[in-house]
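K.L.:
Just dropping this structure here.
The values are calculated or read from the model by the stated rules, or taken from the named source; none is laboratory data. Because the structure is predicted, anything quoted here is derived from the model rather than measured. We place every Cβ from the backbone using ideal geometry, glycine too, and count neighbours over all the protein chains shown.
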């Protein structure tokens, strides 16, 4: 039994056999000699947080690689790379992640600094959004990338004025080098998953949707980690795996997805979702927009981003998947990609009727005003990543100057989506950004980062605290089809988080300082601060 003051005004919550059996002010009649009573002493009890878009295995593996997160200083990046290389003298490649584009002019790093610190081994470092890579000369040489190399259809090799590769790769070009990396073993992937699970529980996360299971197109396949963990009882979280849609193939892959859904639904793992990555990201001008990007002088270019799946084919694919009861999880960042995804869901609704498939669009950096109301009308959830909705160099230096003014003014329209009837779910996209829900909630409410001395970013799009919390609990539970979680209701699973204080009683600018004290799954304690 947990005694607290919840937002619903209840005084206590009782759990038996992993389920909530009572909620009320006086539950002393349920307390027996073997009852464990947790006095929360003013701390806040909530349903467990759920991350609706995360790459847990990838994040967990990167925790053991060369970690460049937490700084934007080039010299510090180079110190970490050298330190990692010295600590791993037998590593064939130096592999890591987490550098920020704002460190480099135009967001494009060059090979020369890496060559100075590691010249004897190839270096491969993905940026924090994982849509680009920084490599040294030896890595380019190993991949055979020269001035004569043709860019892949879905990517770019950054070049100097003479056409020579400079050491940066974007989108599909990343796999030209990534395909050469030493094979990651199943044991490595399982260790990454378990490392991630421990950390996510410490942040109050009791369930999540992994947005890339069975990946191709240059991304790693982490299926075996989840299968092993689910089979061997190592998963304490409930995980929804989003099966990767290979954008280089057609509908012939659907039977394989059906087989994977059957094979990968066991224990705490279920894989009834398909992930379709419809576009790229704004910082490297691959997010699909309705207006062209600007150049450094503010003039329109001929580039309005990439649609990775042909929009007409997308409608057919989503209709077929929906008819088979697959949920579709879209990566849709630019407003053109958002429209293409909504058009696909509309086609599926017209053909199949309104099935309980709960499609959702993740990222939603720009949404056209004409499309806001379509989320509610079509039953499409808005899967938001709140940490990105703030002024920071990546936004101010690499995004706003290159977007048409009306697009820049429509970024991360959380408030508009809510007012137009969309169901909000929330996630982190970790390891792209921090997996801490409380930091995401802080930005959703304040539209600026914790302790940041910046202007509020599009203040009219702020959410109130209750709505932001609901997105990370009930909203994500809805997207995850975990209908017996997400709220403190009799009969629901006792997936719970206890915060060390009540953020409703603190100034909004202090929300992000709240920490997780306890995490329970099915009434069992999985984390204590």
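K.L.:
Give just the number: which of (1) crowded, with 18+ Cβ neighbours inside 10 Å; (2) touching a strand residue (DSSP E or B) at 6+ places or on another chain (Cβ under 8 Å); (3) over 15 Å from residue 48 (Cα atoms) does residue 488 not satisfy?
P.N.:
Only one criterion in (1) crowded, with 18+ Cβ neighbours inside 10 Å; (2) touching a strand residue (DSSP E or B) at 6+ places or on another chain (Cβ under 8 Å); (3) over 15 Å from residue 48 (Cα atoms) is unmet by residue 488, namely (3).
K.L.:
Identify, by number, the condition in (1) within 14 Å of the chain's Cα centre (by Cα); (2) surrounded by fewer than 24 Cβ atoms within 10 Å (Cβ to Cβ); (3) not in a loop (DSSP other than H, G, I, E, B) that residue 476 doesn't meet.
P.N.:
Result: residue 476 fails condition (2) only.
K.L.:
Next up: In the range 213-233, how many residues are under 30 Å from residue 498 (Cα atoms) and surrounded by 24 or more Cβ atoms within 10 Å (Cβ to Cβ)?
P.N.:
The number of residues fulfilling the criteria is 2.
K.L.:
Against the conditions (1) touching a helix residue (DSSP H, G or I) at 6+ places or on another chain (Cβ under 6 Å); (2) farther than 30 Å from residue 100 by Cβ; (3) assigned to a loop (DSSP other than H, G, I, E, B), where does residue 490 fall short? Just the number, please.
P.N.:
So residue 490 meets the others, but not (1).
K.L.:
If you go through the range 265-279 one residue at a time, do you hit one that is crowded, with 20+ Cβ neighbours inside 10 Å, at negative phi, part of a loop (DSSP other than H, G, I, E, B) and in the same structural domain as residue 226 (by TED's automatic domain parsing)?
P.N.:
yes
K.L.:
Sort through 418, 469, 387 and tell me the only one that's surrounded by 20 or more Cβ atoms within 10 Å (Cβ to Cβ), more than 21 Å from residue 503 (Cα to Cα), at pLDDT 95 or above and touching a helix residue (DSSP H, G or I) at 6+ places or on another chain (Cβ under 7 Å).
P.N.:
None of the others qualify; the one that does is 418.
K.L.:
Here are some conditions: (1) free of Cβ contacts under 8 Å to residues at least 12 places away in the same chain; (2) over 17 Å from residue 123 (Cα atoms). Residue 56 meets all but one. Which one does it not meet?
P.N.:
(1)
K.L.:
Give just the number: which of (1) closer than 22 Å to residue 132 by Cα; (2) surrounded by fewer than 23 Cβ atoms within 10 Å (Cβ to Cβ); (3) under 23 Å from the mean Cα position of the chain (by Cα) does residue 173 not satisfy?
P.N.:
Going through the list (1) closer than 22 Å to residue 132 by Cα; (2) surrounded by fewer than 23 Cβ atoms within 10 Å (Cβ to Cβ); (3) under 23 Å from the mean Cα position of the chain (by Cα), residue 173 breaks only (2).
K.L.:
Which of the following residues is under 23 Å from the mean Cα position of the chain (by Cα) and either outside the structural domain of residue 202 (by TED's automatic domain parsing) or surrounded by 20 or more Cβ atoms within 10 Å (Cβ to Cβ) (or both): 450, 463, 518?
P.N.:
Values: 450 fails: either outside the structural domain of residue 202 (by TED's automatic domain parsing) or surrounded by 20 or more Cβ atoms within 10 Å (Cβ to Cβ) (or both); 518 fails: under 23 Å from the mean Cα position of the chain (by Cα).
Sole residue among the options that is under 23 Å from the mean Cα position of the chain (by Cα) and either outside the structural domain of residue 202 (by TED's automatic domain parsing) or surrounded by 20 or more Cβ atoms within 10 Å (Cβ to Cβ) (or both): 463.
K.L.:
Quick one: which strands (runs of 3 or more DSSP E) lie wholly within the range 1-82 and hold at least 1 residues that are within 24 Å of residue 522 (Cβ to Cβ), touching a strand residue (DSSP E or B) at 6+ places or on another chain (Cβ under 9 Å) and modelled with pLDDT under 90?
P.N.:
Working: elements: 12-16, 19-24, 44-47, 49-54.
Result: 12-16, 19-24.
K.L.:
Which one of 394, 365, 377 is under 20 Å from the mean Cα position of the chain (by Cα) and surrounded by fewer than 24 Cβ atoms within 10 Å (Cβ to Cβ)?
P.N.:
Values: 365 fails: surrounded by fewer than 24 Cβ atoms within 10 Å (Cβ to Cβ); 377 fails: under 20 Å from the mean Cα position of the chain (by Cα).
Of 394, 365, 377, the one residue that is under 20 Å from the mean Cα position of the chain (by Cα) and surrounded by fewer than 24 Cβ atoms within 10 Å (Cβ to Cβ) is 394.
Every residue, every condition in (1) part of a strand (DSSP E or B); (2) closer than 30 Å to residue 410 by Cβ, yes or no:
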site: 444; (1), (2): no, yes
site: 448; (1), (2): no, yes
site: 463; (1), (2): no, yes
site: 468; (1), (2): no, yes
site: 501; (1), (2): no, no
site: 510; (1), (2): no, yes
site: 519; (1), (2): yes, no
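K.L.:
Sticking with this structure for a sec: Listed residues 431, 359, 413, 437; which is outside the structural domain of residue 64 (by TED's automatic domain parsing), surrounded by 24 or more Cβ atoms within 10 Å (Cβ to Cβ), over 20 Å from residue 336 (Cα atoms) and at pLDDT 95 or above? Spell out the reasoning first.
P.N.:
Values: 431 fails: at pLDDT 95 or above; 359 fails: over 20 Å from residue 336 (Cα atoms); 413 fails: over 20 Å from residue 336 (Cα atoms).
Checking each option against the conditions leaves just 437.
K.L.:
May I pose another question? Quick one: which residue in 117, 156, 174 is in the same structural domain as residue 63 (by TED's automatic domain parsing) and more than 30 Å from residue 387 (Cα to Cα)? If you could, list the steps in order and put the result at the bottom.
P.N.:
Details: 156 fails: more than 30 Å from residue 387 (Cα to Cα); 174 fails: more than 30 Å from residue 387 (Cα to Cα).
Going through 117, 156, 174 in turn, the sole match is 117.
K.L.:
Still on this model: Can you name the number of the only condition in (1) part of a loop (DSSP other than H, G, I, E, B); (2) in contact with a helix residue (DSSP H, G or I) (Cβ under 7 Å, 6 or more places away or on another chain); (3) closer than 26 Å to residue 327 by Cβ that residue 347 fails?
P.N.:
Answer for residue 347: the failing condition is (1).
K.L.:
For the list (1) touching a helix residue (DSSP H, G or I) at 6+ places or on another chain (Cβ under 8 Å); (2) in the same structural domain as residue 276 (by TED's automatic domain parsing); (3) in a helix (DSSP H, G or I); (4) surrounded by 17 or more Cβ atoms within 10 Å (Cβ to Cβ), I need the number of the one condition that residue 201 fails.
P.N.:
The failed condition is (1).
K.L.:
Looking at the range 234-253 only, could you name the residues that are under 23 Å from residue 359 (Cβ atoms) and either out of contact with any strand residue (DSSP E or B) (no Cβ under 9 Å at 6 or more places or on another chain) or surrounded by fewer than 17 Cβ atoms within 10 Å (Cβ to Cβ) (or both)?
P.N.:
Across the range 234-253, the qualifying residues are 246, 248, 249, 250, 251, 252, 253.
K.L.:
Scan the range 293-337 for residues that are in a helix (DSSP H, G or I), free of Cβ contacts under 8 Å to residues at least 60 places away in the same chain and under 25 Å from residue 271 (Cβ atoms) and report the count.
P.N.:
The first filter runs over the range 293-337 and keeps only residues in a helix (DSSP H, G or I), leaving 311-323, 335-337.
Restricting the remaining residues to those that are free of Cβ contacts under 8 Å to residues at least 60 places away in the same chain gives 311-312, 314-315, 318-319, 322-323, 336-337.
Now drop any that are not under 25 Å from residue 271 (Cβ atoms), which leaves 314-315, 318-319, 322-323, 337.
Qualifying residue count for the region: 7.
K.L.:
What helices (runs of 4 or more DSSP H), lying completely within the range 353-421, carry at least 2 residues that are closer than 22 Å to residue 468 by Cα? Please lay out each step first, then the result.
P.N.:
On the way: elements: 372-378, 393-396, 405-408, 414-419.
The helices (runs of 4 or more DSSP H) meeting that bar are 372-378, 414-419.
K.L.:
Select from the range 231-249 the residues that are within 16 Å of residue 324 (Cα to Cα) and either outside the structural domain of residue 316 (by TED's automatic domain parsing) or assigned to a loop (DSSP other than H, G, I, E, B) (or both) and list them in ascending order.
P.N.:
If the condition is that a residue be within 16 Å of residue 324 (Cα to Cα) and either outside the structural domain of residue 316 (by TED's automatic domain parsing) or assigned to a loop (DSSP other than H, G, I, E, B) (or both), then 245 is the only one that fits.
K.L.:
Next question, about the same structure. Criterion first (crowded, with 23+ Cβ neighbours inside 10 Å and in a loop (DSSP other than H, G, I, E, B)) does residue 89 satisfy it?
P.N.:
Working: crowded, with 23+ Cβ neighbours inside 10 Å: no; in a loop (DSSP other than H, G, I, E, B): yes.
Taking the combined requirement at face value, the residue does not satisfy it.
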